[in-house]
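The values are calculated or read from the model by the stated rules, or taken from the named source; none is laboratory data. The shown structure was predicted, so the numbers you read here are calculated from the model rather than taken from an experiment. Cβ sites come from the backbone with ideal geometry, for glycine too, and all protein chains shown count toward neighbours.
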Amino acid sequence: MTKPESFITNGIRIDGRKPEEIRPITIEVGVLDRADGSCYIEHGLNKVLAAVYGPREVHPRHMQKPTTAIVRFRYNMASFSVEERKRPGPDRRSVEVSKVSREALEPVIFTEYFPKSSIDVFVEVLQADAGTRTVGINAASVALADAGIPMRGLVSACAVGKVDGELVLDLMKEEDNYGEADMPLAMTQTGEITLLQMDGNLTPEEFEKAIEMAQEGCKRIYEIQRNALIERYKRDIETEEEPLETPEEEPVEVETVVENEAEEETSEEVESE
Ligand code: UDP
């Protein structure tokens, strides 16, 4: 990957977006049979899978908390997810991303409902193209909802950065690698910020504007997360409703069977007599 000569030409970024536009996002809910909740997100060229287990018994036991559940979050980048093969296993960066992602989600989870239990979140980055921590948080939030974990609401995350001296929403790889700043933010659906980090430099005015842009991005992402969940459970409700409608169409048959049985009983009684 080489540094582009300019990141913005006539108000348009190298991937055709306007500065305040997010990348296309598709979300699929409930993609893994063996997890309690799961979600697959394609966000631009990022491909991220999240799985949630729990609430379940804590192992090792000494990690149990007597009055609340513990939330554990493991972010992992697959070796093949990046341009230059990544050494498998945890590293300094993945430990940091796991920690801040857990802290971004924990405030919305009713952990007090599940003392001595754990809620385990796994995020696997299959393809990375910048902003994977924010995509991981978005996927994990939906997977937690899919697992039926009681929550105050969803968490949505989005990054803002600076390229060619201009603020841009939701950085893609080139903008992330060669840009002047990168500021991921996560917020609850009621607007509380649960993650705020920054690489690079912004002036106080730029910082204010960047927060507003990131919040706008989060609101748009929240709508996509919400719609994906509605879509998933609408399907379930529709298929559940079908068998309820069928018996109403055939009440006559039920009566016929009862009558026939009654007749049979009478004739049997007559015969035995
Ligand atoms: N990256 C990489 N190898 C690594 C980690 C990251 O090549 O082990 C690259 C990858 O291209 C990624 C970018 O660094 O897109 C920045 O990481 P990313 O934006 O995904 O994470 P975040 O910005 O959320 O920290």
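Of all strands (runs of 3 or more DSSP E) completely enclosed by region 148-189, which ones contain at least 2 residues that are near the ligand (Cβ under 10 Å from one of its atoms) and at pLDDT 95 or above? Lay out the reasoning, then the answer.
Working: elements: 155-163, 166-169, 181-188.
Of the strands (runs of 3 or more DSSP E) lying wholly inside region 148-189, those with at least 2 residues that are near the ligand (Cβ under 10 Å from one of its atoms) and at pLDDT 95 or above span 155-163, 181-188.
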> Can you tell me which of Gly161, Gly131 is touching an Asp or Glu at 6+ places or on another chain (Cβ under 6 Å) and under 16 Å from Leu196 (Cβ atoms)?
Replying inline: Gly161
> From the list Ser81, Ser94, Ser141, which one is crowded, with 20+ Cβ neighbours inside 10 Å and either at pLDDT 95 or above or within 15 Å of the ligand (Cβ to nearest atom) (or both)?
Replying inline: Ser141
> Of (1) in contact with a strand residue (DSSP E or B) (Cβ under 9 Å, 6 or more places away or on another chain); (2) over 13 Å from Val155 (Cα atoms); (3) of a type in the set (S, T, N, Q), Thr203 satisfies all except one. Which?
Replying inline: (1)
>> Condition (residue is crowded, with 19+ Cβ neighbours inside 10 Å, over 14 Å from the mean Cα position of the chain (by Cα) and at pLDDT 95 or above) applied to region 36-50: is it met by at least one residue?
In response: yes
> Looking at Thr2, Thr68, which is the one that is surrounded by fewer than 19 Cβ atoms within 10 Å (Cβ to Cβ), outside the structural domain of Arg133 (by TED's automatic domain parsing) and free of Cβ contacts under 8 Å to residues at least 60 places away in the same chain?
Replying inline: Thr2
>> Looking at region 105-123 only, could you name the residues that are in contact with a Lys or Arg (Cβ under 9 Å, 6 or more places away or on another chain) and not in a loop (DSSP other than H, G, I, E, B)?
In response: Pro107, Val108, Ile109, Thr111, Ser117, Ser118, Ile119, Asp120, Val121, Phe122, Val123
> How many residues does region 190-203 hold that are within 11 Å of the ligand (Cβ to nearest atom) and buried (at least 18 other Cβ atoms within 10 Å of the Cβ)?
Replying inline: 1
>> Just to be sure I understand the filter: pairs with C-beta atoms under 7 Å, separated by 6 or more residues or on different chains, first member in region 15-33 and polar (S, T, N, Q), second member at pLDDT 95 or above. Which pairs pass?
In response: Thr26/Glu42
>> I'd like the full set of residues that are more than 9 Å from the ligand (Cβ to nearest atom) and among the charged types (D, E, K, R), limited to region 123-137.
In response: Glu124
